[in-house]
1. Suppose all protein chains stay in the model; what accessible area per residue would a 1.4 Å probe give for the range 43-86, in Å²?
2. Would you tell me the accessible area of residue 34, worked out with a 1.4 angstrom probe on the heavy atoms of the protein chains, in Å² to the nearest 10?
3. Could you pull out every whole DSSP H run in the chain that spans at least 24 Å of Cα extent along its own axis and averages -1.0 or higher on the Kyte-Doolittle scale?
4. Which one, 318, 364, 305, projects farthest toward the positive side of the charge dipole computed for the range 304-399 from Cβ point charges (K/R +1, D/E -1)?
5. In whole Hz, with x marking every Gly and Pro, tabulate ³J(HN,Hα) for the range 206-211 from phi via Karplus 6.51 cos²θ - 1.76 cosθ + 1.60, θ = phi - 60°.
6. What ranking of 129, 259, 56 comes out by heavy-atom accessible area, probe 1.4 Å, highest first?
7. Quick query: amide H of residue 280 versus all other amide H atoms, modeled in the peptide plane; which residues come in under 5 Å with a sequence gap of 5 or more or a different chain?
8. Hey, if we sort 137, 294 by accessible area with the 1.4 Å probe, largest down, what's the order?
Amino acid sequence: MNILVLDEEFPFPLNSGKRIRSFNLLSRLAKRHELSYLAYGTEASESYQALLAADMHPIPVHHQLQPKSGPLFYAKLLLNLLSPLPYTVASHFTRPFADQLLALLNRKKFDIVICEWSPYAIYMRDLPMPPTVIVAHNLEHLIWQRYHQTETSFLKKLYIGGQYRKMLKFEKAAFDHAAGVTTVSQKEADGVRALSGTPRVVPVDNGVDLAYFAPAQTQPKADSMVFVGSLDWRPNQDAVEYFIEEIMPKIRQRRPNAMFSAIGRNMPPHIAKLGDRPGVNLVGEVADVRPYAHAASVFVVPLRIGGGTRLKILEALAMESAVVSTTIGAEGLELENNRHLLIADSPAQFADTVVSLLEDPTRAKALGKAGRTRVEERYGWDKLAVDLEHFLNQMVEPR
């Protein structure tokens, strides 16, 4: 097949769940098919060179997207009240991207187009596209709905409610128009079917590099916990804030020496200021998360907002970490509570569950081993790439 991928960025370095998934699946496709990757970037970037080395053909769009801070950003958020499109979609639609895409479609025949993030389905609306598959890493409207449920400020809640309704309308129209949709779990595939008339929806699970994320050869530190996730993503920001403010004090009442570390890129100031709390170590971005996961007695995923599935849980289980997650954090993963990980949703329950593992290292170790066995059975990237390839072939064969 001759495949064209549309995305906001080239998926490298591998320091976010979306990048890890995109790179691992698409680099495997590129070994057997011709794959072009259109995204914002430059030829001089490390990510451009990484895609070349992986047999993908990166095509950079030389345009800077609006930063998510500053007066202009907030002005555009306000102006978006007048737009029928949600801000996430409107801010990613640019004339340079559209022009370069149109020139590419006129110059070369593609069998299929992959929108590697659903907001890029906006380009299907006006351009003559080959059959298009949308990759729904998350159901974006569901994330906005959960923002709305957890927001306490009246004005913010009002704005977020509008974004939720716009995103719901946009995603339904995009899925209706697409030839097919892939999701990261069966639950989200069911969600797409409930929303849209698209007949071809298949789950292609998130995966893990089982060789890279191997179990530790050392013992974890007593009373230590770790969170790993990109800190420029609001659900992860909320999770870290929630853990530090509502869960950590309850843990330290019973385990006064307990330490919590947060690992993730692009930590915003309102999270960084929490680093002065007792027992809190906000590390930020690191080159390799494995030593931090290996050193922790418990890997925590206190997510209250989100969609898709958490790659970090799969990576933690591959390293035989004992994982405590909320229901939303483990959503969509074929994992069993009390066997592969532990689920806790209220602050008190989450604290009790973490403490139970800190006090019983033998149980924590057994939980980690069961988790490793489960990801070996189901979540290897090679198998998942074959599943995706089979689906794409189905989209192309009728032509």
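1. Roughly 66 Å² per residue, with all protein chains present.
2. Accessible area of residue 34: about 80 Å².
3. 154-177
4. It is 364.
5. Those phi angles translate into 5, x, 8, 7, 5, 6 Hz.
6. Listed by decreasing accessible area, they come as 259, 129, 56.
7. Amide H neighbours of residue 280, under 5 Å, 5+ apart: 260.
8. Order by accessible area, largest first: 294, 137.
The values are calculated or read from the model by the stated rules, or taken from the named source; none is laboratory data. Since the structure is predicted, the reported quantities are computational estimates derived from the model, not experimental observations. Note that we place each Cβ from the backbone using ideal geometry, even for glycine, and neighbour counts take in every protein chain shown. Heavy atoms of the whole protein, side chains included, go into the accessibility calculation; ligands, DNA and RNA do not. Shrake-Rupley method; radii C 1.70, N 1.55, O 1.52, S 1.80 Å.
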